1. For the range 121-146, name all the residues that are farther than 24 Å from Leu17 by Cα and surrounded by 12 or more Cβ atoms within 10 Å (Cβ to Cβ).
2. Are any residues in the range 1-43 of a type in the set (Ser, Thr, Tyr) and outside any helix (DSSP H, G or I), and if so, which ones?
3. Does the range 1-51 hold any residues that are small (Gly, Ala, Ser), without any contact (Cβ under 8 Å) to a residue 60 or more places away in the chain and buried (at least 20 other Cβ atoms within 10 Å of the Cβ), and which are they?
4. Filter the range 51-83 for residues that are of a type in the set (Asp, Glu) and either closer than 14 Å to Leu134 by Cβ or within 16 Å of the chain's Cα centre (by Cα) (or both) and give the result.
Amino acid sequence: MRLTTKGRFAVTAMIDLAMRQHSGPVTLAAISQRQNISLSYLEQLFGKLRRHELVDSVRGPGGGYSLARLARNVTVADIIFAVDEPLDATSCGGKRDCTSGNDGKPGKCMTHELWATLNRKMVDYLDSVSLQDLVDQQRVRQLQEANNQAQACAVHVSRVGGANAANAPTATVAANATV
């Protein structure tokens, strides 16, 4: 069982798209630059995402991609399956023919049900996480990073101001006001 780059990149690109589509269609070139994903690879992924009706495309100047559905109505499982990402922990690929015994008869390996259950739980979990959940998590993370930077800036300004008490509170209030 493994999630390849195809699935990881597709989810990452969809988060990027969902976070920025409020300004209009988002270009793959912009996603490529921000996420450091090859443009040609994104073109392949978005072709599949479009065929599965997860994204819409707009051609021409000002064109790009937007979500075809609300982010809360798109799950991670939708994205993964749209780009043909296999999620299978069984050694037989889910065919229930994992092993052949000494008698040559096909059958299930002793751990088949374990891995099949893991497959079901993975799909259930990925189906329970919406694209909106991931966008919200990313926005919270960005706010936390901005707050941390503002606090670090306030500490730096107060240290540079030294004994001048008037500078430190002003810098702290100004830095915190931007958050």
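Since every read-out is calculated from the coordinates, none of them should be taken as a lab result. Values in this document were obtained by computation on a predicted structure and should not be read as measured data. Cβ coordinates were reconstructed from backbone atoms using ideal geometry, including for glycine residues, and neighbour counts include every protein chain displayed.
1. Met122
2. First pass over the range 1-43, keeping only residues of a type in the set (Ser, Thr, Tyr): 4-5, 12, 23, 27, 32, 38, 40-41.
Matches in the range 1-43: Thr4, Thr27, Ser38.
3. Taking the range 1-51 and keeping what is small (Gly, Ala, Ser), we get 7, 10, 13, 18, 23-24, 29-30, 32, 38, 40, 47.
From the residues that got through so far, the ones that are without any contact (Cβ under 8 Å) to a residue 60 or more places away in the chain too are 13, 23-24, 29-30, 32, 38, 40, 47.
Hit for the range 1-51 is Ala13, nothing else.
4. Keep residues of the range 51-83 that are of a type in the set (Asp, Glu), which gives 53, 56, 78.
The answer is Asp78, and nothing else.
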